[in-house]
Amino acid sequence: MKPVLLIVDDEIRVLSALRRALRKEGYEILTASTPQQALALLDEREIDAILSDHKMPGMTGLQILGEARRRRPGAARLLISGWPEAVQQRDLDALGVQVLIPKPWDDADLKAELRSALR
Amino acid sequence: MAQPAPVRIVLLGPPGAPESATLGALSRLGAEVGVEPVASASAAGARALESEVDLIVTDPGVRASELRALLDRVRDEGPPVVVVLDRDDDALAMDWFRRGAADCVAARSADEALAVAALDVIRRHRASRERRLAERRIASLRRTTRNIIQNIHGALLVVDGACRVSYANAPAEDLLGEPRGSLVGRVATRWFAGDAADTPLRRTLEKGERFRGAELLVERSDGQRIPVAIFCGPMRDEQGRDLGAVAILQDLSEMRRLQRQLFQSEKMASIGQLAAGVAHEINNPAGFIDANLFQMEEYVADLRRLWRRARGLESAARSALATGAEGLEALRSELGAWRAEADELDADFVLEDLGKAIRESREGSERIRHIVQDLRTFARPDGSQRVWADVNQCVDSTANIVWSLMKHAVELHKDYGELPALLCHPGQLKQVFMNLLMNAYQAVVARVGDSGELGRIAIETRRVGDQIVVSVQDQGIGIAPEALARVFDPFYSTREVGAGTGLGLSTAFHLVSAHGGRIEAESREGAGSTFRVLLPATPAGPGS
């Protein structure tokens, strides 16, 4: 079984680039561009890891990861943000978020973080 | 009453004759008369000019040449000279009168005549000396007053009832750019821009109005325009009769320059606040462009591998063509390898996705270009000339910049009405809209926090009569009534120190005033605020 990765970003070009970057990593990749889509997928599917953008209309990435912890406690939680300075470390710790990845991201780092989160 | 000063007489006698009859006669004039004998005309003249001598008397024994020298010396400035002659000689006396003697007395009758002549001459001399002193005092007072007025820090202008200049100091001449002494008699309103009948000077003359720092524009004959503050009021004499008006003009150019600097730094401060949001907005496309480039590099490596297979296939095909059946086996194997390679790297997908990655990346770089361009047009200071601009465009480009910062917390509604072109400083108007939008955003954030809830901000533009109205309405925390009364005061801020300059709204107010408009604020605590910018439409649009 391929591990299932859910990527959440309000920017569909970012979703497309992330999907492209992770093409050969052997994941089944699901994407959501709104919080509603993300929550629906969390309910419908077994998910092994969730990678979410932070600043989005409607819900922040931290809120989505909080929901993910409630609905899919086993899934690894990763946050990605173009404004990482605005995220407090204690909020990450409180939600058990493994890692905060800055945008623009380094492909090799991103792949390594996902691999270790899914180990 | 002050005691009259003792009478001082200088007696010029022949050298070596101190005990003359004249000295005796003068000594008998009384105790309050001091007599100082001297032996030469030059000594007598020097004494007379340097101290307060009332009278010079010359002894009959003095030589005519000495006497002439003395009279010449004291003629204009010095005390009167009474000449004592050794005999009654009208012709001689007339001669000395002509040379400037105040009186001539014969030695024979010296006692009585000398006393009468001396006292009379002294009285006349003292009276004229006092007059001279008074005149000197008046002249000195006039000089002092003139120095004060000329050196006062401010241009002083006095006009008569017909608004003609009756007095102007040097700073006034400099400020109005006119040569020294050329202002008197000219109508003062000629130097002020706008309706002459409505200048403060005219209103002072006609209605007695006073002005304290009213601002107006001086238009000099060399074409220079200088902003000034005028302080003026009616000028009246002790009886309350109108004499005209007196005005002090203060050059505001330097203050205006500092104000412009302040406004520009306020703008830079708000750009600083924006920077984080803008960085975020740029990091998104930068992120996917970067990732796409990385991926495209891998695609190119894959395609290069496939191309190498194609070359192998090509040479196998050539040798098969040359050798016939023998080469077919090798060709078959190369073809199999090529197909396997193409399937393994999913060549169809790679080619299609490569095109997609390029298109998406180009769209991303276009977006970065737009963001940077918006930011640059916003940061650029306006020139000194107003230009025709579309207010809707100013509002929209500003909203686009701020959007990146606020989109996670705000639901933005834009409703732009049709507006006439406006002759304005577009950069200043953008700064005003930026301030209003940033305040609205902060009010919304203060209410919704990080809850993920969105607060509404509505931008509306309308033409109402001959005014352009831009309103920014937020569903933020609102402003308490006592704070609302002070929102346009400089440095007034309810935010914590460091969270804002406290100059945003006061700057906005100034910039809108400079366009002849005003800002209105309305607010309900807990419900939100509305700020309305009202700008008078420019009377004639471009090309009309």
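Only the coordinates and a few stated rules stand behind these numbers; no lab work does. This structure is a prediction, so every number in the text was calculated from the model and none was measured. All Cβ positions, glycine included, derive from the backbone under ideal geometry; neighbour counts span all protein chains shown.
So the values come out like this:
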read-out	value
q = 0.15, 0.27 Å⁻¹: log10 I(q)/I(0) that the Debye formula gives for segment A:1-57, counting C-alpha atoms only	-0.39, -1.16
Cα gyration tensor of the protein assembly as shown - equivalent ellipsoid semi-axes, whole Å, descending	104, 31, 25
Cβ-based charge dipole, chain B, positive-most Cα from B:Pro536, B:Leu313, B:Val350	B:Pro536
Orientation-averaged projected area, Cα convex hull of chain B (nm²)	56.2
Positive-pole candidate from B:Cys394, B:Leu303, B:Tyr441, dipole of chain B, charges at beta carbon	B:Cys394
Percent RCO, i.e. relative contact order, over chain B, from Cα pairs under 8 Å lying at least 6 residues apart	7
For segment B:387-536, diffusion coefficient by Stokes-Einstein and Kirkwood Rh (Cα), 37 °C, 0.692 mPa s, µm²/s	212
5 Å-binned pair-distance histogram of segment B:258-379 (Cα, whole percent)	2, 10, 12, 11, 10, 9, 8, 7, 6, 5, 5, 4, 3, 3, 2, 1, 1, 0, 0
Chain B: DSSP helices with Cα axial extent of at least 27 Å and average Kyte-Doolittle hydropathy no lower than 0.0	B:426-448
Value of relative contact order over segment A:4-104, rounded to a whole percent, pairs C-alpha under 8 Å and six or more apart	25
Residues whose placed amide H lies under 5 Å from that of A:Trp83, excluding near-sequence neighbours	A:Lys103
Of all DSSP beta bridges in the protein assembly as shown, antiparallel share, percent nearest 5	55
Inter-label distance, nm, simple model (7 Å from Cα along the C-beta direction), B:Glu77/B:Glu36	1.5
Fraction of antiparallel bridges per DSSP, chain B only, in percent to nearest 5	70
Share of pairwise Cα separations in segment B:310-458, more than 18 Å, in percent	73
Per-selection Rg to Rh, segment B:233-323 - Cα, Kirkwood hydrodynamic radius	1.80
Cβ-placed point charges (K, R +1; D, E -1), dipole of segment B:387-536 about Cα centre in debye, nearest 20	140
Residue exposure sequence - B:Trp307, A:Trp105 - by fewest surrounding Cβ within 10 Å	B:Trp307, A:Trp105
Two-decimal Rg to Rh for segment B:7-147 - Kirkwood Rh, Cα set	1.03
P(r), alpha carbons of segment B:64-111 - 10 Å bins starting at zero, rounded %	28, 56, 16, 0
Karplus 3J(HN,Hα) series, Hz, for segment A:76-92 with 6.51 cos²θ - 1.76 cosθ + 1.60 (x for Gly, Pro)	5, 10, 10, 10, 10, 8, x, 9, x, 4, 7, 9, 8, 4, 5, 5, 5
Square roots of 5 times each gyration tensor eigenvalue, C-alpha, segment B:152-251, largest first, Å	20, 15, 12
Separation between Cα centres of segment B:143-175 and segment A:70-119, rounded to whole Å	76
Sequence-distant lysines (8 or more away, or on other chains) whose Cα lies within less than 17 Å of B:Lys207	none
Cross-link reach list, lysines versus A:Lys103, counting only Cα pairs under 20 Å and skipping chain neighbours closer than eight places	A:Lys55, A:Lys111, B:Lys407
Estimated Rh, segment B:61-209: Kirkwood, alpha-carbon pairs, angstrom	20.7
Residue exposure sequence - B:His153, B:His408 - by fewest surrounding Cβ within 10 Å	B:His153, B:His408
Computed magnitude of the charge dipole of segment B:281-345 (debye, nearest 20; Cβ of K, R +1, Cβ of D, E -1)	380
Relative exposure of A:Leu42, B:Leu412, A:Leu79, judged by other C-beta atoms within 10 Å (fewest first)	B:Leu412, A:Leu42, A:Leu79
Where only alpha carbons of chain A are counted, the Rg and the Dmax (Å)	12.7, 37
Whole-number Å³ per residue for the convex hull built on Cα positions in segment B:288-359	70
